[in-house]
1. Give the shape of the stretch A:4-89 as rounded, prolate or oblate, defined through the alpha-carbon gyration tensor: a ≥ b ≥ c are the square roots of its eigenvalues, a/c under 1.5 means rounded, and otherwise the shape is prolate if a/b is larger than b/c and oblate if not.
2. Using a Förster distance of 41 Å, how high is the FRET efficiency between A:Leu53 and A:Asp98, based on the Cβ-Cβ distance and rounded to 0.05?
3. May I ask you to compute the full-extension gain from B:Ile100 to B:Phe72, defined as 0.36 nm times their residue separation minus their alpha-carbon distance, rounded to one decimal in nm?
4. Per residue, how big is the convex hull around the C-alpha atoms of the stretch B:13-168? Give it to me in cubic angstrom, could you?
5. How large is the dipole of chain B about the Cα centre if only Lys and Arg carry +1 and Asp and Glu carry -1, each at its Cβ, rounded to the nearest 20 debye?
6. Which helices of chain B meet both criteria: a Cα extent of 18 Å or more along the helical axis and a mean Kyte-Doolittle score no lower than 0.0, with helices taken as whole DSSP H segments?
7. State to the nearest 20 debye the size of the charge dipole of chain A about its Cα centre, where the only charges are +1 on K and R beta carbons and -1 on D and E beta carbons.
8. Over chain A, what relative contact order in percent results from Cα pairs under 8 Å that are six or more residues apart?
Amino acid sequence: MIHMEYYLIVSAIMFFAGIYGFFTRRTTLTILISIELILNATDINFAVFNRFLFPGSMEGYFFALFSIAISAAETAVAIAIMINIYRNIRSIEVNKLDEMKW
Amino acid sequence: MTLETVVFYFLAVFIAVCSILTVTTNRIMRSATCLLLVLFGTAGIYFLLGYTFLGSVQIMVYAGGIVVLYVFSILLTSGKGDLAPGLKRDKFLAGLAAAIAGAGLMVFITMKHKFLATTELLPTEINIKLIGQQMLSGDKFGYLLPFEAVSILLLACMVGGILIARKR
């Protein structure tokens with residue numbers, strides 16, 4: 001039997017890899033990929049807490065399910081925005097993104 | 001060493017290596033590929049916990065939907081052989097220090113805290129009929145309202161995505 005701490009450590013590594021990418025990346029798409037890692041790590045935590053601390057109920061399970069749906073929605077809108085940015089300034093780098101339309 | 005432990009350690013090493021590669025590699029396409037591998041590893045962890053429906057949703061929505069969206073938008077927005085722009089040394093060090101300090105703190109707290117976890121868990125699978133009934137019931141532990149809210153959110157994001165990305 002694997003203790004739940006090991007699962008939490010795996011998700012902590014994933015979470016902080018996402019944090020590192022969020023701080024150091026310079027392209028909007030890679031920043032979004034880092035956010036995806038962070039969200040995924042929290043989903044693992046929800047499932048693990050539900051499985052080990054409250055095996056009889058299903059709150060964490062449903063929260064992870066809804067979190068997956070919401071991150072799909074967030075990704076779709078964010079990628080639409082990025083394609084629009086690319087259409088306007090021909091680049092998706094954060095450094096070149098220094099003026100707004102209005 | 002049971003089979004479960006072997007599978008868990010394999011998945012743990014796989015997820016850790018792939019998620020670090022996702023944020024350190026120079027090419028954006030490799031980054032998306034490593035993200036796909038991380039998502040598959042996460043689905044493996046859900047399967048290991050006995051949450052097979054959650055694992056299959058993870059594979060269908062994340063690995064099947066979101067990564068395809070990423071790959072499409074990478075191919076649309078970046079040229080061949082694009083490398084990530086160089087990073088200033090102090091920015092790199094600051095990010096690395098923040099990540100390592102945060103990870104160390106979190107692992108320390110996790111190891112220090114005594115969870116009241118159930119020890120001998122049998123690998124059980126949640127009945128899919130139960131999931132469906134709870135998802136669509138309006139009783140005390142029902143999830144009808146979040147379900148409807150998510151459906152409206154998905155509709156709104158579909159409309160918003162079309163509105164933002166259409167040609168003017």
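1. Numbers: a/c = 6.82, a/b = 1.82, b/c = 3.74.
Oblate, since a/c reaches 1.5 and b/c is not below a/b.
2. Values: r = 47 Å, r/R0 = 1.15.
Rounded to the nearest 0.05, the efficiency is 0.30.
3. Numbers: separation 28, 0.36 × 28 = 10.08 nm, distance 3.25 nm.
Extending this stretch completely gives an extra 6.8 nm.
4. Values: hull volume 29.4 nm³, N = 156.
Expressed per residue, the convex hull around the Cα atoms of the stretch B:13-168 is 188 Å³.
5. Details: 13 positive and 7 negative charges, 170 e Å.
With only Lys, Arg, Asp and Glu charged at Cβ, the dipole is about 820 debye.
6. Once both thresholds are applied, what remains is B:3-24, B:28-49, B:89-112, B:144-165.
7. On the way: 7 positive and 8 negative charges, 77 e Å.
That gives chain A a dipole magnitude of about 360 debye.
8. Numbers: 78 pairs, mean separation 27.9, N = 102.
Worked out over chain A, it gives 27 percent.
All of the numbers you see were taken from the coordinates with simple rules; none came from a lab. Just so it is clear, the model here is predicted, and its values are computed rather than measured. No Cβ is skipped: glycine too gets one built from the backbone with ideal geometry, and neighbour counts run over all protein chains shown.
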